[in-house]
């Protein structure tokens, strides 16, 4: 046999044997499995960052709905608030000081117990009480508004996190599908290499 022909047959035999051995002992899908694991680790980390905000936002929804119900009837809302009003100790102190000042003035001027003096003292006490009530109501309404805004902020942050998670899930699904396809293609190519080595 021609030495050149013998050399070509030996080279072809080595190549076929290499294809068979590589097909039998190599793992064409291993790189995709490794990438899949890395992708899964990234998914867990990324969702771990976003999940608390998403859950906080979801938890705020029923509270916000309940808060909105309370605003549906403004008059009823205000009346309910005013039913909880209690005069502050400072307002009581001011009223006592005003009554004492009126009594001292009455004693000094000889008008103690007079109708105009008593009316002025009562009017002063009512003014103090009215100011205290209005201040209390403004404080309560301000806190109530901040509470609603806080719930709205939680929901907005939760919605943003939910959107991020949805985008991550979409990208994650595409990447997984792409790797699954490429892994299957690599395995098919590996099988073809085995059969080609056997019959080449």
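If the chain linking residue 49 and residue 163 were pulled fully straight, counting 0.36 nm for each residue of separation and taking away their Cα-Cα distance, it would gain 39.7 nm. Taking label positions 7 Å along the Cα-Cβ direction at both residue 73 and residue 90, the computed distance is 3.4 nm, reported to one decimal. The length gained on full extension between residue 174 and residue 65, counted as 0.36 nm times the residue separation minus their Cα-Cα distance, comes to 35.6 nm. Using a simple spin-label model with pseudo-atoms 7 Å out from Cα toward Cβ, residue 137 and residue 81 lie 0.8 nm apart.
Computed from the coordinates by the stated procedures, all read-outs in this text should not be read as laboratory data. Owing to the predicted nature of the structure, the values given are computational and were not obtained by experimental measurement. Cβ atoms come from the backbone with ideal geometry, glycine included; neighbour counts cover every protein chain shown.
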